[in-house]
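Everything on this sheet refers to the single structure shown next.
Any read-out appearing in this document is the output of simple, stated calculations on the displayed coordinates, not a laboratory observation. Remember, it's a predicted structure, so these values are computed and weren't measured experimentally. Every residue, glycine as well, gets a Cβ built from its backbone with ideal geometry; the counts of neighbours run over all protein chains shown.
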Amino acid sequence: MPCLPYALTRWDCEMSLLSVRDLRLQYGPTLIQEHIDFDIEAGTIYAVMGGSGCGKSTLLKCLIGLLQPAAGQVLYGEQDYWASNEATRNQLRADIGVLFQSAALWSSMTVLENVMLPLQVQDTLPQDQHEARALEALEWVGMAEAQDRLPADLSGGMKKRVGLARAIVARPHLLFLDEPSAGLDPISSVKLDRLILDIRERTEAAIVIVTHELPSIYALADDGIFLDADLKRPIAHGKPTQMRDTVMHPTVQAFMRRQEIDTL
Amino acid sequence: MLTPVPQAITLLGDTLLAVWRGIRRGWQFRPQDFARILADASARALLIVLVVNVLVGAIIAFVGAVQLLKFGAGIFVADLVAIAISREMAAVITAVVMCGRTGAAFAAELATMQANEEVDALTVLGLNAVDYLVLPRVLTLLLMMPLLYLFGCVGGLLGGFAVSSSLLELAPIAYFDRSVAALTYTHLGLGFFKSMAFGLLVSLAACFHGLHAPRNAAGVGGATTHAVVTGIVGVIALDAVFAVCADALGL
């Protein structure tokens, strides 16, 4: 894997792009998950798996700076996000892209304006290149022709693709995708999976994907973590196919083989 | 019940800091968004503000005339309407109308953005929701409410004039003279200042409830309701405070 220029710290090729250390997530006094540990290398697709309500999206919120953990560290390179000051956090955030579950396109802006905004905020490119870069990202996801449309005029799959274009437009080294296939028909879902693989090829970004869609997990993930809603901690790590074949925990088996626990 | 109070005070503080940041480093919000919000809260609100204030002016004139005519003081209806409208009613009624119209729209829009994770998307980009979403709305009502108040004053005076000249058979010139004599800078200044305060209150209440709404459809409805209730009750309570203060200051 080539060494990428990391905008923020003294990250080098030997260092994990993102490391999570003994993370504990709570909403007020309610424990969501604890003892979460993993590392993500450049160019890998890492799946965060688990049943509905187990805390996958909560973990994602913590990783992208929306929810402070009760304990533990989120390290971007060697920089602890939650121990950093606001200026450093802003720098760290400039190197991540996020596709939200609902795509989260800003409804008052056109598709092109949505995709251009990250470039305008970061202001690292000359202004006259913003539009060209945004159009390039829209072409990657096959949405260039919709550049002047408003989000309200787009289908769910189209919104996801525009959201993906917005996430990659600033060429981040880390992409976070929250349930990218949720609400999509199987054909659109497969297309989106292919698009994610294509984006990984083009950008060499590490991708964290939060999902419980089995076909997407098997098609995309190189590595992953399985969160258990009852034990409130991870119960398996590794490549999804290995997890399916080697981890005998009934919840993991039921999830990875799409069966009821009683039938195992 | 008082749990949101510290959060509301925090929002007020954040807004003041956002104004300071905006003055020093430039505004973070998009001019297009500000223009859209401004247009919606000004030109598109003129008709409803005018209609309501005309009616309020007419009602004051009618109620006042019934009493004043008993004492042969019908001409003082003009004073009553001018003072009541400029000092109290135009500011309060305009604020109530804007609370139900624009405040509700602000709250619904922000609550929907919250439910759709649009606010999270801004935060991840490093944009502050207060700088980007709250400030243009607060500035809009802070700027537009005084102008709408003046427009409301004109409407209220016209309503009073229409009733007085038609039903009470007061000479238009005499009514006009009395109205001009009664309209002092003190009354107009007080109403103007109050309308700015009401604009701040209505916009902050709307933004607060919008940004703190639960992330679902019911949350959007709840945010809108709470924004309107908080705004209207707040405007009336604040007006009472202004009345006491104005009295204490001899205004």
For chain B, what is the relative contact order in percent, using Cα pairs closer than 8 Å and at least 6 residues apart in sequence? 32 percent
Is segment A:166-210 best put as rounded, prolate or oblate by its Cα gyration tensor, with a ≥ b ≥ c the root eigenvalues, rounded for a/c under 1.5, and otherwise prolate when a/b is larger than b/c, oblate when not? prolate
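About the Cα centre, and with charges only on the beta carbon of Lys, Arg (+1) and Asp, Glu (-1), how big is the dipole of segment B:1-45? Nearest 20 debye, please. Walk me through the numbers on the way to the answer.
Details: 6 positive and 3 negative charges, 43 e Å.
So the dipole magnitude of segment B:1-45 works out to roughly 200 debye.
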Whole angstrom only: what separates the Cα centroid of segment A:121-168 from the Cα centroid of segment B:84-99? 45 Å
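Sorted from fewest to most neighbouring beta carbons within 10 Å, what does the list B:Thr140, B:Thr184, A:Thr44 look like? Write down the numbers at each step before the final one.
On the way: B:Thr140 23, B:Thr184 14, A:Thr44 19.
Arranged by neighbour count, lowest to highest, B:Thr140, B:Thr184, A:Thr44 become B:Thr184, A:Thr44, B:Thr140.
For A:Ser19, B:Ser86, which order do you get if you count the other beta carbons within 10 Å of each Cβ and list the fewest first?
Working: A:Ser19 17, B:Ser86 28.
Placing the least packed residue first, the sequence is A:Ser19, B:Ser86.
At a threshold of 8 angstrom on Cα-Cα distance, excluding pairs fewer than six apart, so keeping six or more, what relative contact order does chain A reach in percent? Please report the intermediate quantities before stating the final value.
Details: 501 pairs, mean separation 64.2, N = 264.
Computed value for chain A: 24 percent relative contact order.
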Inter-probe distance in nm under a simple model that places probes 7 Å from Cα toward Cβ, at B:Ala73 and B:Phe176: 2.6 nm
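Shape call for segment A:134-264 from the C-alpha gyration tensor, a ≥ b ≥ c root eigenvalues: rounded (a/c under 1.5), prolate (a/b greater than b/c) or oblate?
On the way: a/c = 2.70, a/b = 2.00, b/c = 1.35.
Verdict is prolate for segment A:134-264.
Compute the length gained on full extension between A:Tyr218 and A:Thr30: take 0.36 nm times their separation in residues and subtract their Cα-Cα distance, giving the result in nm to one decimal.
Numbers: separation 188, 0.36 × 188 = 67.68 nm, distance 3.19 nm.
Full extension from A:Tyr218 to A:Thr30 adds 64.5 nm.
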Any lysines with Cα under 21 Å of the A:Lys159 Cα? List them, leaving off those in the same chain fewer than 8 positions away. A:Lys61, A:Lys191
Expressed as a rounded percentage, what relative contact order does segment A:38-185 have, with Cα pairs under 8 Å and six or more residues apart? 30 percent
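Which order results if A:Trp106, B:Trp27 are arranged by neighbouring Cβ count within 10 Å, fewest first?
Least crowded to most crowded, the residues run B:Trp27, A:Trp106.
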Per-residue ellipticity at 222 nm for chain A, helices alone: DSSP H runs ≥ 4 residues times -39500 (n - 2.57), over residue total, nearest 500 deg cm²/dmol? -10000 deg cm²/dmol
Under a Gaussian network model of chain B whose springs join Cα atoms within less than 10 Å, the largest fluctuation of B:Val51, B:Val77, B:Val235 belongs to B:Val51
With label points built 7 Å along Cα→Cβ from the Cα atoms of B:Ser165 and A:Arg257, find their separation and express it in nm. 9.0 nm
At R0 = 25 Å the Cβ-Cβ FRET efficiency linking B:Leu143 and B:Ala8, nearest 0.05, sits at 0.70
